Amino acid sequence: MSSMPMLPFTRPCIDERTISDVAAVLRSGWLTTGPGCAELEAALSTRFGGRPVRLVNSGTASLELALRLCGIGAGDEVITTPLSWVATANVVLAVGATPVFVDVDSRTRNIDLDRVEAAITPSTRAVMPVDWPACRSTATTCMRWPGGTACG
Ligand SMILES: Cc1ncc(COP(=O)(O)O)c(C=O)c1O
């Protein structure tokens, strides 16, 4: 083992309440969609003003679900960043669409909105930026075009 100090990618917040809540779920025998899921969906819905909330099992699943809910599929293009986890582009392929990579801004590491505009074609259905808040050195900016909005 190296004695080098670990530089955490993210530092999770795991307190005693989290541990005891997880233990309660494990003891209940419900490892998938048990009553705890319905409770969390209801609590989140209340927090977001009554909007419908559904839990999914991963970030990848949520991205794919979002694309499917938007009706994105074969023949469509989705503009995204090359600076992300592979799931970002993989979900575009999973729904049968084509990922179109646009380079990032060298200061923010977020997708460069000035370059996004040039990549929009009649087949563009969405822009999937990835926000790297730790790298952001400028305020978020948004662009709009007929049928879409992107923030970076
Ligand atoms: C930007 C981004 N999108 C999607 C994912 C995939 O999330 P998950 O591992 O929960 O499927 C990750 C995971 O690191 C990510 O960093």
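Residue-level analysis places D76 among those that are over 21 Å from D131 (Cβ atoms) and without any contact (Cβ under 8 Å) to a residue 60 or more places away in the chain. Scanning the range 32-43 for residues that are closer than 13 Å to V56 by Cα and hydrophobic (A, V, I, L, M, F, W, C), which turns out surrounded by the most Cβ atoms within 10 Å (Cβ to Cβ)? The extreme case among them is C37. Consider the range 69-83 and keep the residues that are within 12 Å of the ligand (Cβ to nearest atom) and crowded, with 17+ Cβ neighbours inside 10 Å. The one that is nearest to P52 (Cα to Cα) is T80. Taken over the range 43-68, the criterion of being within 16 Å of the ligand (Cβ to nearest atom), in contact (Cβ under 8 Å) with a residue 12 or more places away in the chain and of a type outside the set (S, T, Y) is satisfied by R54, L55, G59, L63, E64, L67, R68.
Residue check: G36 meets all listed conditions (1) part of a loop (DSSP other than H, G, I, E, B); (2) away from the ligand (no atom under 16 Å from the Cβ); (3) not polar (S, T, N, Q) but one, namely (1). Just to be sure, is T88 within 12 Å of the ligand (Cβ to nearest atom), modelled with pLDDT of 90 or more and surrounded by 11 or more Cβ atoms within 10 Å (Cβ to Cβ)? It is true that T88 is within 12 Å of the ligand (Cβ to nearest atom), modelled with pLDDT of 90 or more and surrounded by 11 or more Cβ atoms within 10 Å (Cβ to Cβ).
Of all the listed residues (V92, V53), the sole one being in a loop (DSSP other than H, G, I, E, B) and within 22 Å of D131 (Cβ to Cβ) is V53. Only one entry in T108, T121 is farther than 30 Å from L40 by Cα, more than 13 Å from the ligand (Cβ to nearest atom), touching a Phe, Trp or Tyr at 6+ places or on another chain (Cβ under 9 Å) and in a loop (DSSP other than H, G, I, E, B), namely T108. Taking the residues in the range 124-133 that are part of a loop (DSSP other than H, G, I, E, B) and in contact with a helix residue (DSSP H, G or I) (Cβ under 9 Å, 6 or more places away or on another chain) as candidates, determine which candidate is farthest from V78 (Cα to Cα). Looking at the filtered set, the residue picked out is V130.
The values are calculated or read from the model by the stated rules, or taken from the named source; none is laboratory data. Owing to the predicted nature of the structure, the values given are computational and were not obtained by experimental measurement. Heads up, the Cβs are rebuilt from the backbone with ideal geometry, glycines too, and the neighbour counts pull from every protein chain shown.
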